[in-house]
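Report on one structure; see the data block that follows.
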Amino acid sequence: MNTVPGRILAIDLGDRRVGLAMSDPTRLIAQPAGFIERRAGKRPPLTALLAKASEVGATAFLVGLPLDEAGNDTPRALEARRLAEELETRTGHPARLLDERFTTSAALRAVRAMDGSTRGRRGDVDALAATVLLEQALAHGARLWADETTEHGSQAADDGGSTTDDA
C-alpha cells in the first residue's frame, strides 16, 4: 500500500497534444484530466502543466517515457526526461518516468470497444492514454514511489514497468 498521499498528475507527451490524467488523493484510482494543445516542434507547455498540477493539487508527476519497440530511448525520450527533471525542480515534487509503449493503442482499442469513434476526439484519446499510463503506475504502487520521501531523482521503472499491447 502506498503511504504517501496526494494526487499524481500523469503526462503523455505528444507532438500536438499532451494527454493528462490524475489519481485520486489516495492513489488508487486513475481518471482522465483532459489535454493541453501543443505547437508542433515547440517545447512542452511547462507553464500550462504547472498550472494544471496546481489546479488538481498534484504532489507527484508521472511522465510517459517514449521508448522504441526494443525498449531503447527515442528522440522524444530525452524531452520526457528533461520535462520530468524540470517539473521536480520547479515544484519540489517527485517525477517518475514510465515506459509508455502501447498506451495510445490501448486507449484507441478501449474507445472502439465501446463502439465509439475517435473522429474529432484525439484529445480525449490522449487523455485516456495518460490514464492507461497512470493505471500501470498505480499497479506498481510502492515500488515506483518507494523513494518519494527520501530522494527526488527522476527514474524509469525498470522492474516490469513496460507496457504491453495486452494492457
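Laboratory data are not the source of any read-out in this text; all were calculated from the coordinates shown. None of the values given here were measured: they were computed from a predicted structure. Methodologically, a virtual Cβ is constructed for each residue, glycine included, from the backbone with ideal geometry; neighbour enumeration extends over all protein chains shown.
Could you please rank Arg39, Arg101, Arg27, placing first whichever residue has the fewest other Cβ atoms within 10 Å of its Cβ?
Working: Arg39 9, Arg101 20, Arg27 23.
Fewest to most other Cβ atoms nearby, the residues stand as Arg39, Arg101, Arg27.
In what sequence do Ser23, Ser54 fall when counting other Cβ within 10 Å, fewest first?
Working: Ser23 27, Ser54 11.
If I rank by nearby Cβ atoms, fewest first, I get Ser54, Ser23.
What residues qualify as long-range amide H neighbours of Gly14, i.e. H under 5 Å apart, gap of 5 or more or another chain, H built at 1.01 Å from N?
Close amide H contacts, sequence-distant or interchain: Gly19.
Under the rule of at least 5 residues apart or a separate chain, name every residue whose amide H is placed under 5 Å from the amide H of Ile29.
Asp24
Could you order peptides 129-139, 64-74, 78-88 by the average number of other Cβ atoms within 10 Å of their residues, highest first? It would help to have the intermediate numbers written out before the result.
Details: 129-139: 24.9, 64-74: 15.2, 78-88: 19.0.
In decreasing order of mean packing, 129-139, 64-74, 78-88 become 129-139, 78-88, 64-74.
Under the rule of at least 5 residues apart or a separate chain, name every residue whose amide H is placed under 5 Å from the amide H of Asp99.
Amide H neighbours of Asp99, under 5 Å, 5+ apart: Leu65, Ala157.
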